[in-house]
Amino acid sequence: FKLLNPSLWCLVTASSFFFFLLFLWQKRNLLKLELKEKNRYNVSNKLVYLFIIGWASISYFRVASLPVLLSDSRTMHLFQQACYFQENSFSFLNSNSWEAAFRPLNALLWNMFFSIFLENNSLIESPQIISWIGLIFISGSIFSLLKVDFKLAGIMMLSIGFSPRILSLSTNNLIDLTSLLYFSGAIYYLLKLKIENNFRIIDLIMFGTYCGAYFGARIQGFILIPLLIFYWLYIFLNKKSNPFGAFLLPVFITIILGIGKYLINYSFYSSPIPFNINSSNSLSLITFYENFKILANNILDRSWNLYGILSFQANSAIIGFPINFFIIPYAFFGFLNTKYRKSHESSVIFAIGLIFLFFAMITLKSPSPNYNSRLWLPFIFTTIVFGAEVINTLLREKKSISIIYIFAFTIFCSVIIYGGVYRKTFFLFLIITILYFVKTKNVKSSFLLNILLIFVTLISLFYSVMNIVYDKSSKILKHKEVNQQYDQSVLVQLSKYLRKESRVGILNLNDLGRSTLPVYDLFGPQHSIKARLVFDWRENNKLENLNEKNLATNYDILLLSTLSNHEIIEIEDFLMIEKFHHFHIYQNKKTTSYMRQG
C-alpha cells in the first residue's frame with residue numbers, strides 16, 4: 001500500500017488513458033460505424049433521461065455549494081485523505097468493530113483518484129453522482145440484455161434511481177451506492193457471458209474488475225462474489241469449447257483487486273474475516289428472527305408510512321413504494337413457478353440474492369433497524385432484475401389479470417398483518433377495480449404499463465422534491481446559511497492562517513473530556529494544505545512523551561489544543577506565536593514557512 005501515492009496514481013492514470021486513446025484510434029473505423037447507428041427514443045425513454053439529468057444537476061450543485069457534512073465522510077474519508085496527501089501513502093483506520101473491519105478500501109481509492117487531480121474535499125462526495133447514474137444505466141443495460149419492454153425498463157429504472165433509499169444515498173458519501181454500482185456491473189457482465197455464445201476478452205476483464213471492486217469494498221462482497229464465481233464456473237462448464245484460461249482470467253482479476261482488504265484485516269485482527277469480534281457479527285438464529293421482522297416491516301409496512309418520506313437521512317429513508325409493491329412480489333411468484341424459474345435468465349441471480357439475504361440476516365446485527373435494509377440492498381437489486389423479467393413475461397403472455405391478482409394479494413397481506421385505515425381504503429378500491437376488470441375482461445398490457453408509468457413518474461418527482469425540501473444532511477435550500485455556519489467554526493477559521501504545502505501537526509492534549517477533535521475541518525477554504533493530522537486522544541498525556549526532534553523535522557506548524565490549566569508548554573525548536581481561540585500556534589524556527597494573517 002506504500003505504492004498508492006499520488007504521483008504514481010497520476011502516472012498510471014495518464015498512461016492508461018494514453019493506451020485507451022491509442023485503442024480508440026486503432027478502432028476508429030469501427031467506432032464511426034457505431035456512432036452512425038441511430039437510437040430511437042420514445043416518450044418513456046426521454047422521461048427517464050430527463051429525470052436523471054435533472055437529479056444529477058441538483059446533486060452536483062449540492063456537492064459544489066455545500067461543505068462535507070455527513071459524519072461518515074468527515075471521519076472515515078477525510079482522515080485517510082489527509083494522511084494520503086501528507087505521507088504519500090494509504091493508512092488504515094483501525095477500530096474494534098466489524099464495520100471497521102470491512103471499511104470500504106476501494107471506495108477510498110476511488111476518492112483518492114479524484115483527489116490527485118483536484119485536491120478539493122468536496123470531491124469526496126462526487127463519486128456518489130457517478131455511482132447513482134452508473135447504477136441506473138447499468139440496470140437499463142441489464143433489462144435490455146434480458147429483452148425487457150422499453151417502457152417497463154424505464155419504470156424499473158425510475159423505481160431504482162428514485163426510491164427514497166437510493167435518493168438519500170445519492171447525496172451522502174456512503175459506500176452503499178458505490179458498492180451497489182460494483183454489484184450491478186458484475187451482474188450485467190455475468191448475464192452477458194451466459195447469454196452470448198462466445199466469451200469476449202473485454203467482458204471477462206470487466207466481470208473480474210467489478211467482482212474485485214465489490215469483493216474489496218464491503219462485507220456483502222465476501223458472501224456474494226464467491227456465489228457469482230460459482231455460477232460463472234457453471235456457465236463456463238456448459239460452454240465446453242472455451243479454454244480454461246477464460247474461466248481463470250476474471251477469477252484472477254477478482255482476487256488481485258479484492259484481496260487487499262482481507263490482508264489488512266489479517267494484519268490488524270489476525271483473521272482475514274474477523275467474525276465474532278462482538279455480538280454484531282456472530283451467527284445466531286435470534287439475529288435471523290429479528291432481521292426477518294425488520295425485512296417484513298420494510299416490505300409490507302414502512303412503504304405505507306407517509307411520515308417516512310419526510311426523513312431522507314441515509315439511515316432512515318424507506319426503500320420505496322414502487323419497489324415494494326410493484327416488483328418484489330413478482331420475483332417471488334416467478335421463483336415459486338417452475339416454468340418461469342427455468343425459462344428466465346435471471347432466476348439464478350435472484351437465487352443468489354436469496355442465499356445472500358439468508359447469510360446476511362443470520363450473521364449481521366445492527367443497533368439500528370434502518371441500517372439493515374442498507375446491508376440488504378444487493379438482494380433488493382436481484383429482486384428487481386428477476387421481478388422485471390417476470391412482469392415482462394406476464395405482459396407478453398397477456399396475463400394482465402394475473403399481474404393485478406399478485407399485486408392485490410400483496411396488498412391483502414399488508415392489510416391483514418398491519419391493518420390501518422389507509423391500507424383498508426386502498427384495498428377496497430383495488431378490489432372494486434379488479435372486479436370491474438374481471439367482469440369486462442378488457443385489460444390491455446399497454447393500459448397497465450401507462451398507469452404504472454404515470455404513477456412511478458409522479459411518485460419519483462414527489463420523492464425528489466421531498467428529498468430537496470426535507471433533507472436533514474444536505475440542506476440544499478439553506479446552502480448559504482450552512483456555509484456561513486461552517487466558515488465560522490474554529491478549525492475552519494484556523495486554516496486561514498496556514499500556507500498551502502505547510503506541514504501541520506495537531507496535538508489534542510486536552511484531558512477534560514473524551515470527545516475527539518474534528519480535525520477534518522482544518523481543510524476549510526485551504527483545501528489543498530498537505531496536513532498530516534496527528535491524533536492523540538489519550539488522557540493525561542504529556543508532551544515530553546513525544547519525540548520532539550521528530551516534531552521539528554516533520555512539521556512546520558504545530559497546533560496545540562489548550563490544556564485544562566491553560567499552561568503554555570515550551571517545545572524545542574518551536575516558537576509559540578499566537579493563541580487562537582483554544583489553540584496555541586507554534587512555528588518551527590528552522591523552516592522558512594511563515595504565518596499568513598487573515
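Identify all residues within region 492-515 that are open to solvent by 10 Å² or more (accessible area, probe 1.4 Å) and modelled with pLDDT of 80 or more; write none if there are none.
GLN493
Out of the residues in region 472-484 that are of a type in the set (S, T, N, Q) and within 14 Å of VAL68 (Cβ to Cβ), state the one that is most open to solvent (accessible area, probe 1.4 Å).
By that ranking, first place goes to ASN483.
Which residues, taken from region 444-470, are open to solvent by 40 Å² or more (accessible area, probe 1.4 Å), part of a helix (DSSP H, G or I) and more than 22 Å from ARG62 (Cβ to Cβ)?
If the condition is that a residue be open to solvent by 40 Å² or more (accessible area, probe 1.4 Å), part of a helix (DSSP H, G or I) and more than 22 Å from ARG62 (Cβ to Cβ), then SER446, PHE447, ASN450, ILE451, ILE454, PHE455, LEU458 are the ones that fit.
Go through region 373-409 and give me each residue that's open to solvent by less than 10 Å² (accessible area, probe 1.4 Å), in contact with a Phe, Trp or Tyr (Cβ under 9 Å, 6 or more places away or on another chain), under 27 Å from MET361 (Cα atoms) and not hydrophobic (A, V, I, L, M, F, W, C).
PRO378, THR382, THR383, GLY387
Determine, yes or no, whether SER184 is of a type outside the set (A, V, I, L, M), open to solvent by 10 Å² or more (accessible area, probe 1.4 Å) and closer than 15 Å to THR382 by Cα.
So SER184 does not fit the description; no.
Which of the following residues is under 30 Å from LEU158 (Cβ atoms), open to solvent by less than 30 Å² (accessible area, probe 1.4 Å), modelled with pLDDT of 75 or more and not aromatic (Phe, Trp, Tyr): GLY221, GLY216, GLY320?
Working: GLY216 fails: under 30 Å from LEU158 (Cβ atoms); GLY320 fails: modelled with pLDDT of 75 or more.
Selected residue: GLY221, the only one of GLY221, GLY216, GLY320 that is under 30 Å from LEU158 (Cβ atoms), open to solvent by less than 30 Å² (accessible area, probe 1.4 Å), modelled with pLDDT of 75 or more and not aromatic (Phe, Trp, Tyr).
Would you please list the contacts, defined by Cβ atoms under 7 Å and residues six or more apart or on different chains, that run from a residue in region 478-499 that is in contact (Cβ under 8 Å) with a residue 12 or more places away in the chain to a residue that is in a helix (DSSP H, G or I) and aliphatic (A, V, I, L, M)?
TYR486/VAL492; LEU491/VAL519; LEU491/LEU522; LEU494/LEU522; SER495/LEU522
Has region 244-261 got at least one residue that is open to solvent by 20 Å² or more (accessible area, probe 1.4 Å), closer than 18 Å to VAL348 by Cα, touching a residue at least 60 places away in the same chain (Cβ under 8 Å) and of a type outside the set (Ser, Thr, Tyr)?
No: zero hits.
Do we find a residue being among the aliphatic types (A, V, I, L, M), in contact with a His (Cβ under 8 Å, 6 or more places away or on another chain), more than 21 Å from LEU227 (Cα to Cα) and in contact (Cβ under 8 Å) with a residue 40 or more places away in the chain anywhere in region 384-404?
For region 384-404, residues among the aliphatic types (A, V, I, L, M), in contact with a His (Cβ under 8 Å, 6 or more places away or on another chain), more than 21 Å from LEU227 (Cα to Cα) and in contact (Cβ under 8 Å) with a residue 40 or more places away in the chain: present.
For (1) under 26 Å from PHE325 (Cα atoms); (2) in contact (Cβ under 8 Å) with a residue 12 or more places away in the chain; (3) crowded, with 24+ Cβ neighbours inside 10 Å; (4) among the acidic types (Asp, Glu), each residue gets a yes or a no:
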{"site": "SER159", "(1), (2), (3), (4)": "yes, yes, yes, no"}
{"site": "TYR189", "(1), (2), (3), (4)": "no, yes, yes, no"}
{"site": "MET206", "(1), (2), (3), (4)": "no, yes, no, no"}
{"site": "GLY212", "(1), (2), (3), (4)": "no, yes, yes, no"}
{"site": "TYR231", "(1), (2), (3), (4)": "no, yes, no, no"}
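Checking the conditions here, which among LYS579, LYS549, LYS590 is farther than 24 Å from GLN488 by Cβ, outside any loop (DSSP other than H, G, I, E, B) and either modelled with pLDDT of 85 or more or open to solvent by 90 Å² or more (accessible area, probe 1.4 Å) (or both)? Step through it out loud before you land on a result.
Details: LYS579 fails: farther than 24 Å from GLN488 by Cβ; LYS590 fails: outside any loop (DSSP other than H, G, I, E, B).
When all the criteria are applied, what remains is LYS549.
Got at least one residue in region 560-569 being within 44 Å of the chain's Cα centre (by Cα), surrounded by 12 or more Cβ atoms within 10 Å (Cβ to Cβ) and at pLDDT 75 or above?
There is at least one residue in region 560-569 that is within 44 Å of the chain's Cα centre (by Cα), surrounded by 12 or more Cβ atoms within 10 Å (Cβ to Cβ) and at pLDDT 75 or above.
Scan PHE381, PHE358, PHE350 and give me the residue that is modelled with pLDDT of 90 or more, among the hydrophobic types (A, V, I, L, M, F, W, C) and either more than 20 Å from TYR182 (Cα to Cα) or touching a strand residue (DSSP E or B) at 6+ places or on another chain (Cβ under 9 Å) (or both). Walk me through how you get there before you give the answer.
Numbers: PHE381 fails: either more than 20 Å from TYR182 (Cα to Cα) or touching a strand residue (DSSP E or B) at 6+ places or on another chain (Cβ under 9 Å) (or both); PHE350 fails: either more than 20 Å from TYR182 (Cα to Cα) or touching a strand residue (DSSP E or B) at 6+ places or on another chain (Cβ under 9 Å) (or both).
After ruling out the rest, the residue left standing is PHE358.
I need the helices (runs of 4 or more DSSP H) fully contained in region 88-196, keeping only those with at least 2 residues that are modelled with pLDDT under 80. Give the derivation first.
Numbers: elements: 98-101, 105-115, 126-145, 150-161, 164-170, 175-195.
By residue number, 98-101, 105-115.
Quick one: would you say ILE431 is free of Cβ contacts under 8 Å to residues at least 60 places away in the same chain and surrounded by 12 or more Cβ atoms within 10 Å (Cβ to Cβ)?
Yes: the conditions hold for ILE431.
The values are calculated or read from the model by the stated rules, or taken from the named source; none is laboratory data. Here the structure is a predicted model, which means the values were calculated and not measured. Don't worry about glycine lacking a Cβ; one is built from the backbone with ideal geometry, like all the others, and counts go over all protein chains shown. Only protein heavy atoms, including side chains, enter the accessible area calculation; ligands, DNA and RNA are left aside. Shrake-Rupley method; radii C 1.70, N 1.55, O 1.52, S 1.80 Å.
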